[in-house]
Amino acid sequence: MPLRETLARVDADLAAGRVPVARQRLRGLISSFPHDLTLRRRLAGVYRLYGDAAEAGRWMYLEEDRNADETAAFEARYGSPGWRMKALAWRCPEAKAATAFAEGQLVAVRTACAEEVGRPVAWDDPASYSDNLEDEAEAPSEPWSVGGVLAGAGCLVLALLFLAIWVNGLVSLFD
């Protein structure tokens with residue numbers, strides 16, 4: 001599907017309130033056109049609708065007019081340069097960046113990653129920087145909350161109730 005047609009569908013999805021569908025379309029476009037900063041900016045706007053500052057910061061990371069709080073949230077969520085390289089999903093030479101600022105950001109992240117892993121890394125070779133990502137353990141996103149525990153207990157009660165009804169029906173069948 002052509003870029004223009006997909007963007008029209010994104011606009012229609014957003015107008016109809018289908019934000020997750022619009023987000024998926026934009027993510028697909030970015031995987032096809034990783035150097036297009038306008039697509040990244042639009043996806044950041046969608047993540048702002050969700051209130052996800054880290055993801056908005058992720059997709060605005062290459063923009064000079066980015067929000068400092070979103071950038072800090074992105075850098076906190078993706079703590080190492082290797083994770084940032086993976087998260088930015090850039091698959092082109094840095095020279096393809098539309099602006100000098102974006103190129104500088106890409107060079108800085110790649111250089112920091114190369115220093116961390118102790119060898120050269122390249123944007124178009126994810127294996128060059130992904131090898132050490134599996135070794136890093138991610139911290140749990142949040143500790144248990146009362147609401148989460150109650151929701152889990154509710155699901156357990158419903159499952160046990162369903163099982164009891166099923167067993168009762170099975171016993172009744174053979175009586």
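The values are calculated or read from the model by the stated rules, or taken from the named source; none is laboratory data. Source: prediction; values computed, not measured. Neighbour counts run over all protein chains shown; Cβ positions are idealised from the backbone, glycine included. Accessible surface is based on the protein model in full, side chains and every heavy atom, while ligands, DNA and RNA are left aside. Shrake-Rupley method; radii C 1.70, N 1.55, O 1.52, S 1.80 Å.
At-a-glance table
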item: Region 53-76: number of residues that are open to solvent by 60 Å² or more (accessible area, probe 1.4 Å) and not in a helix (DSSP H, G or I); result: 4
item: Of the criteria (1) of a type in the set (A, V, I, L, M, F, W, C); (2) open to solvent by 60 Å² or more (accessible area, probe 1.4 Å); (3) farther than 24 Å from Ala114 by Cβ; (4) touching a residue at least 24 places away in the same chain (Cβ under 8 Å), which one Ala98 fails; result: (3)
item: Count - residues of region 13-27 that are surrounded by 13 or more Cβ atoms within 10 Å (Cβ to Cβ) and either in contact (Cβ under 8 Å) with a residue 60 or more places away in the chain or in a helix (DSSP H, G or I) (or both); result: 10
item: Condition met for Gly79 (more than 28 Å from Thr6 (Cβ to Cβ), in a loop (DSSP other than H, G, I, E, B) and open to solvent by less than 80 Å² (accessible area, probe 1.4 Å)); result: yes
item: Boolean, Cys113 is open to solvent by less than 30 Å² (accessible area, probe 1.4 Å), part of a loop (DSSP other than H, G, I, E, B) and under 20 Å from Tyr129 (Cβ atoms); result: no
item: Count of region 11-32 residues which are more than 14 Å from the chain's Cα centre (by Cα) and either farther than 27 Å from Ala68 by Cβ or at pLDDT 95 or above (or both); result: 9
item: Members of region 119-139 that are more than 19 Å from Pro34 (Cα to Cα) and at pLDDT below 90; result: Asp131, Asn132, Leu133, Glu134, Asp135, Glu136, Ala137, Glu138, Ala139
item: Subset of region 82-95 that is open to solvent by 70 Å² or more (accessible area, probe 1.4 Å) and without any contact (Cβ under 8 Å) to a residue 40 or more places away in the chain - its residue that is nearest to Ile30 (Cα to Cα); result: Pro93
item: Single residue of Arg91, Arg84, Arg119 found to be over 25 Å from Leu7 (Cβ atoms) and in a loop (DSSP other than H, G, I, E, B); result: Arg119
